[in-house]
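The structure under discussion appears below in the form of structure tokens.
The values are calculated or read from the model by the stated rules, or taken from the named source; none is laboratory data. Everything quoted here is computed from the prediction, not taken from an experiment. Cβ sites come from the backbone with ideal geometry, for glycine too, and all protein chains shown count toward neighbours. Accessible surface is based on the protein model in full, side chains and every heavy atom, while ligands, DNA and RNA are left aside. Shrake-Rupley method; radii C 1.70, N 1.55, O 1.52, S 1.80 Å.
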Amino acid sequence: MLKSTYLLVLALLLAVGARAQGVLSFDKDLHDFGNVPEGTMATYEFRFKNTGNQPIVVAHVQASCGCTTPDWTKTPVLPGKSGVIKAVYSSAGRPGVFNKTITVTSNAAEASKVLTIKGTVLTRDELKKNLTPAQLAQSPRMVLDRPVHDFGKMEAGQQPTARFTVRNTGKSDLVLGALSSGCYCVGLKSVPAPIKPGQSAVIELIYSQRKLGAMTDEVVLSSNDLNGDARLTLKANVVKSLQAANMLKEGDAAVPFK
């Protein structure tokens with residue numbers, strides 16, 4: 001009798017334990033961006049809530065292509081609390097229809113959840129065809145504080161940063177997009193939030209030029225400005241070693257400049 005009672009209690013405990021699990025409840029699992037201007041970063045946050053009774057840890061988020069960069073809530077999400085899965089789609093050089101998935105892996109009751117983003121990337125010319133003169137006049141306008149930055153002398157392997165101020169002189173939000181260069185040696189530290197009309201934001205360009213000599217590299221910054229992309233120029237005199245460049249010969253010994 002005692003043995004059967006013990007087994008019954010154990011079975012009940014196991015059943016309760018099996019039901020003690022987090023539940024990942026999303027507001028929606030598909031987002032349609034609609035028409036996306038080519039060159040911009042289409043961004044959407046899928047919001048979820050833990051409707052279970054145990055904390056949820058999102059272990060990994062994997063996109064179906066390299067053109068989508070996911071980010072997510074890294075800390076445990078307690079029961080009743082919320083988190084986000086952020087999807088960023090780079091539309092630069094990808095005109096046409098897109099349909100991409102994002103797989104969320106966690107310790108929730110549904111261990112693997114698939115989210116979807118879709119839309120149509122339109123070129124600048126395609127966008128202009130569908131807009132009236134009045135709508136074109138409402139376009140954002142990207143203006144940079146200067147077109148050129150000269151780093152001066154720099155050591156190969158260093159990654160100096162150039163700061164540019166971007167001002168929106170248009171009449172709608174300016175959304176910055178991808179950065180490209182022929183040398184593949186320039187990166188954008190972070191993409192600022194949409195810039196309101198009349199407002200400004202600072203962008204930081206990381207320069208990773210390893211070739212030696214006087215270098216001049218053109219950089220193209222795309223956006224939803226229908227007037228065209230912004231073009232920047234980075235210059236530098238790249239040397240093998242700044243320390244070697246600052247040494248003088250005194251007899252047979254090398255000494256630093258004074």
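Numbers for the structure displayed
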{"quantity": "From phi via Karplus (6.51, -1.76, 1.60), per-residue ³J(HN,Hα) for the range 180-189 in Hz, x at Gly/Pro", "calculated": "9, 8, x, 8, 6, 10, 10, x, 9, 4"}
{"quantity": "For the range 111-203, size of Cβ-based charge dipole, Lys and Arg +1, Asp and Glu -1, in debye", "calculated": "260"}
{"quantity": "Given charges at Cβ of Lys, Arg, Asp, Glu: the chain dipole, positive-most of 43, 130, 241", "calculated": "43"}
{"quantity": "Surface accessible to a 1.4 Å probe, per residue, for the residues of the range 91-172, Å²", "calculated": "55"}
{"quantity": "Gap separating the Cα centres of the range 125-167 and the range 216-230, nearest whole Å", "calculated": "5"}
{"quantity": "Contact order relative to length of the chain, as percent, for alpha carbon pairs under 8 angstrom and 6 or more apart", "calculated": "17"}
{"quantity": "Residue pairs, from the table 86/211; 28/81; 28/128; 128/235, whose Cα atoms sit over 28 Å apart", "calculated": "86/211; 28/128; 128/235"}
{"quantity": "Set of aspartates and glutamates near residue 113 by C-alpha distance (under 17 Å), chain-local residues within fewer than 8 positions excluded", "calculated": "27, 29, 45, 71"}
{"quantity": "In degrees, nearest ten, helix 2-19 long axis to first principal axis of the chain (Cα)", "calculated": "30"}
{"quantity": "Diffusion coefficient, µm² s⁻¹, Stokes-Einstein with Kirkwood Rh over alpha-carbon pairs of the range 121-224 at 25 °C and 0.890 mPa s", "calculated": "160"}
{"quantity": "Solvent-accessible area, 1.4 Å probe, carbon plus sulfur percent, for the range 118-244", "calculated": "48"}
{"quantity": "Spherically averaged projected area of the range 12-98 from its Cα convex hull (nm²)", "calculated": "6.7"}
{"quantity": "Directionally averaged projected area (convex hull, Cα atoms, the chain), nm²", "calculated": "23.9"}
{"quantity": "Full-extension gain in nm, residue 64 to residue 111, via 0.36 nm per residue minus C-alpha separation", "calculated": "15.2 nm"}
{"quantity": "Label-to-label distance, nm, for residues given as residue 212 and residue 193 (7 Å Cα→Cβ offset)", "calculated": "4.7"}
{"quantity": "Those lysines that a straight Cα-Cα span of less than 29 Å connects to residue 129, excepting residues fewer than 8 apart in one chain", "calculated": "100, 118, 171, 196"}
{"quantity": "Dipole-positive endmost among 115, 140, 75 within the chain (Cβ charges, Cα centre)", "calculated": "75"}
